[in-house]
1. Taking segment 17-33, which residues are assigned to a loop (DSSP other than H, G, I, E, B) and under 18 Å from the mean Cα position of the chain (by Cα)?
2. In the set MET5, MET42, MET1, which member is part of a loop (DSSP other than H, G, I, E, B), touching a residue at least 12 places away in the same chain (Cβ under 8 Å) and within 16 Å of LEU142 (Cα to Cα)?
3. Is segment 251-264 home to any residue that is within 13 Å of the ligand (Cβ to nearest atom), among the small types (Gly, Ala, Ser), surrounded by 12 or more Cβ atoms within 10 Å (Cβ to Cβ) and at positive phi?
4. Select from segment 265-280 the residues that are assigned to a strand (DSSP E or B) and either within 16 Å of the ligand (Cβ to nearest atom) or among the acidic types (Asp, Glu) (or both) and list them in ascending order.
5. Is it the case, given these coordinates, that MET304 is out of contact with any strand residue (DSSP E or B) (no Cβ under 7 Å at 6 or more places or on another chain), modelled with pLDDT of 95 or more and among the aliphatic types (A, V, I, L, M)?
6. How many residues, within segment 210-242, are without any contact (Cβ under 8 Å) to a residue 40 or more places away in the chain and within 16 Å of the ligand (Cβ to nearest atom)?
7. How many residues are within 10 Å of the ligand (Cβ to nearest atom) and hydrophobic (A, V, I, L, M, F, W, C) if we restrict to segment 306-347?
8. Can you pull out the residues in segment 241-264 that are part of a helix (DSSP H, G or I) and more than 21 Å from ARG301 (Cα to Cα)?
Amino acid sequence: MLRFMTAGESHGPGLVTIVEGLPYGLEVSPGQITDELARRRMGYGRGKRMAIEKDEIEILGGIRHGRTLGSPVAVLIRNTEWPRWSEEMSPEPAASKKQVTRPRPGHADLSGMLKYGTEDARDILERASARETAARTVAGILAKIFLATVGVRVLSHVVAIGPASSEGPPPGPDDQDAIDDSPVRCLDPAAEAAMVAAIEDAKAERDTLGGLFEVLGFDVPPGIGSHVHYDRRLDALLAAAIMSIPAIKGVEIGDGFEVATLAGSKSHDEILLDDGALLRPTNRAGGTEGGMSNGETIRVRGAMKPISTLMRPLRTVDMTTGEPAEAVRERSDVCAVPAAGVVGEQMVAYVLAAEFQRKFGGDTVDEFVSAVDRYRSGLVDRPRR
Ligand SMILES: Cc1cc2nc3c(=O)[nH]c(=O)nc-3n(C[C@H](O)[C@H](O)[C@H](O)COP(=O)(O)O)c2cc1C
C-alpha cells in the first residue's frame, strides 16, 4: 500500500514528507525533487514569498545511489525563512511576541481558534498554510516517477483565471514543458494574455482571483480503482485528492457539470468497434466509469476560490478585545491557480500511483512493470471474436 504523510509548519524549521510503499529499484535523483518543487512555485500573480523561499531538500532515508530501497522515503525541505522566525516558532516554552488575534476570513483561523480555545491564530494558520503543499510535492514527484515506469503521464494546465478562460483544445501528453513556459500555465495565447491582464487588474484593485485548472492522466489502462466500495472508487479518490488542496471548492470529473444540463443521448461515451478494437469516440466521462478507469484520458478539474488574504483587508473581529477589526495583511499571492494546478497534478499522480500499486503490487520495480505489461497484453484481444 502506498501512503504518505507530511509534517511541519509554514515558518518552522522545515517540512518533512514520508512516502511509504514504493518498490525497490525506482530511479530517483534529488534533482528531480528540487525541479518539481520549483514548478509548484510558478505562476504570474504569486507573492514575494515565492522569491524568498528556495526549497532546499535533504533526503533522510529510502534512497541510495539514485534508487529507492523499498524502505520509507523521507525528505526534509528546509524553510529558508526559519532564522527570522526561530524565536516566534521556537519549540521551547515561551510566549508569543506577535499573536495573531484577528482571524482572516476565508482561512482556517477562526474555526481553529474556536476549536482549540486559543487567541493566537498562528497556532492554526502555520499548519493550515498552503506551504504544506510543498511537502506533498515530494509524494507527487515520486508518484510520477513510479507511473512513468509504465508509461503513464500526468500533467495540468490552467483553464480559467477569474473572468478569463481558455476555449483551446486540451493539451497532449508531451505538452508539459510548453505549459510550464506560459506565465499562467495555459497553452491558449489569447486566454493567456487575458489571464495575465485579469491578474494585473485584480492587483491594481488590491483584490485577488481564483480560477480553474485541469489535470490529465494519459495512458492509464482500464480497471484502475474499483466499483465495489465507496472508498475504492477512482473518481471518489480523485475528487478527495483535489478537494484536499487548500482553496479548492469544486471538483469536476470529465464533463460532470455540463452533462447535468444535457440529455442522456448527449452525455455518454458510446462503445464502438474500430477494426475489431474497442473505440470510445468521446470522453465525456473523464476516463472513469463505475469507479474504475475506462482506458480513456483521466480528466479532472479543480475550482479554486480567490485568495483569502487581500491587500484591501476584509472585516473581522479581534478575538482578544472583542472589537471589530481589519484582517491582517500577510504577504500573499494575488492568484495561485497555476501553482494549485501543479499541486493538483501531483495529487492525481499520487492517487493513480497508489491504485496502480494496489492492483499490480511488486516488491521491485521490475516485478511491478512485468505485472502491468502482462495485464496490458491481456487487454489487446478484447473483445474476443
Ligand atoms: C498553491 C497555493 C497557494 C496559496 N497561497 C495563498 C496565499 O498566498 N494567501 C492566501 O491567503 N491563501 C493562499 N492559498 C489558499 C489558502 O491556503 C486557503 O484558502 C486556506 O488555507 C483556507 O483553506 P480553504 O480555502 O480550503 O478553506 C493558497 C493555496 C494554494 C493551493
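1. none
2. So the residue among MET5, MET42, MET1 that is part of a loop (DSSP other than H, G, I, E, B), touching a residue at least 12 places away in the same chain (Cβ under 8 Å) and within 16 Å of LEU142 (Cα to Cα) is MET1.
3. no
4. Selection gives ASP274 alone.
5. Spelling it out, it is not the case that MET304 is out of contact with any strand residue (DSSP E or B) (no Cβ under 7 Å at 6 or more places or on another chain), modelled with pLDDT of 95 or more and among the aliphatic types (A, V, I, L, M).
6. Number of matching residues: 1.
7. Residues that pass the stated criteria total 11.
8. Once the filter is applied, which keeps residues that are part of a helix (DSSP H, G or I) and more than 21 Å from ARG301 (Cα to Cα), segment 241-264 yields only GLY264.
The values are calculated or read from the model by the stated rules, or taken from the named source; none is laboratory data. Not measured: the values here are computed from a predicted model. Virtual Cβ from ideal backbone geometry, glycine too; neighbours counted across all protein chains shown.
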